[in-house]
Amino acid sequence: MGNSKSGSLSKDILEELQGNTEFTAEELRAWYQSFRKECPRGRITRQQFQSIYAKFFPDSDPKAYAEHVFRSFDANSDGTLDFKEYVIALHMTTAGKPSQKLEWAFSLYDVDGNGAISKNEVLEIVMAIFKMISPEDVKHLPDDENTPEKRAEKIWGFFGKKDDDKLTEEEFIERTLANKEILRLIQFEPQKVKERLNEKEKNP
């Protein structure tokens with residue numbers, strides 16, 4: 001678990017996170033200091049996570065998306081994340097390998113955690129993503145994906161599933177890796193998250 005008591009990031013956790021992510025020591029130390037300011041007890045709650053996300057995206061409504069992201073990383077369902085879990089979450093959503101990102105994406109879309117994705121679950125996450133997209137950007141989306149319903153329909157169509165079918169993790173990863181259109185449609189441009197994080201650290 002994360003280093004919740006010390007005022008500085010321990011060498012062991014720093015080395016572990018550098019080994020498991022693509023973040024630099026400088027980035028990790030800066031994020032740790034920011035994390036400690038927001039969460040003096042060394043753990044972040046669902047509400048705090050949503051609040052931090054909201055600061056990164058002041059022009060949109062990230063609450064629903066942030067809640068789903070939090071859920072997908074709260075492995076023990078205790079309602080909190082420590083610093084290590086928090087950084088792993090950032091890494092998986094911004095800089096992880098394609099297969100890692102898709103394992104995480106599957107857990108994001110598997111809202112009820114039953115090991116399979118339904119069309120309704122796809123719609124639920126896509127609706128959360130749309131709240132993160134500015135109205136101006138929505139205007140530039142193709143006609144067949146400019147509403148959550150249309151985008152969910154398009155995604156489900158790419159998977160070749162009937163409305164009441166389920167999608168397994170293996171199918172999800174295999175077909176998404178083979179089709180960049182699916183990848184584009186299921187995500188909220190993760191790079192934007194990292195860009196906002198970096199901007200936040202430079203201009204606190």
| message | Starting from the 7 Å offset along Cα-to-Cβ, what nm value, one decimal, do you get for the label separation of THR168 and GLN47? | response | 4.2
| task | Identify, among SER107, GLN18, PHE35, the residue whose Cα sits farthest towards the positive end of the charge dipole of the chain, taking +1 on the Cβ of Lys and Arg and -1 on the Cβ of Asp and Glu, with the dipole about the Cα centre. | result | PHE35
| message | What is the sum of charges, Lys and Arg at +1 and Asp and Glu at -1, for the other residues whose Cβ falls under 13 Å from the Cβ of ASN146? | response | -3
| field | Separation of the SER77 and LYS139 label points, Cα + 7 Å toward Cβ, nm | value | 4.5
| said: How would the range 81-191 be classified by its alpha-carbon gyration tensor: rounded, prolate or oblate, with rounded meaning a/c under 1.5 and the a/b versus b/c comparison settling the rest? | reply: oblate
| remark: Tilt, helix 46-56 to longest principal axis of the chain (alpha-carbon atoms), in degrees rounded to tens, equals 80
| message | What is the percent carbon and sulfur in the accessible area of the range 1-112, measuring with a 1.4 Å probe over the protein chains and ignoring ligands? | response | 48
| To the nearest 20 debye, what is the magnitude of the charge dipole of the chain about its Cα centre, counting +1 on the Cβ of each Lys and Arg and -1 on the Cβ of each Asp and Glu? | 740
| query | At LYS97 and ASN179, where each label point lies 7 Å from the Cα along Cα→Cβ, what is the point-to-point distance in nanometres? | reply | 2.4
| query | How big is the gap, in Å, between the Cα center of the range 160-179 and the Cα center of the range 38-80? | reply | 28
| note | Residue-ordered couplings for the range 110-127, obtained by feeding phi - 60° into the Karplus form 6.51 cos²θ - 1.76 cosθ + 1.60 and rounding to whole Hz (Gly and Pro as x), are 7, 4, 8, x, 8, x, 8, 10, 9, 4, 5, 5, 4, 4, 4, 6, 5, 4
| query | Shape of the range 34-83 from its Cα gyration tensor (a ≥ b ≥ c, root eigenvalues): rounded if a/c is under 1.5, otherwise prolate when a/b > b/c, or oblate? | reply | oblate
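The values are calculated or read from the model by the stated rules, or taken from the named source; none is laboratory data. As the structure is a computational prediction, the values presented were derived from the model and not from experiment. Because the Cβ atoms are built from the backbone with ideal geometry, glycine has one as well, and the counts that use them run over all protein chains shown. SASA here: full protein model, heavy atoms, side chains in, ligands and nucleic acids out. Shrake-Rupley method; radii C 1.70, N 1.55, O 1.52, S 1.80 Å.
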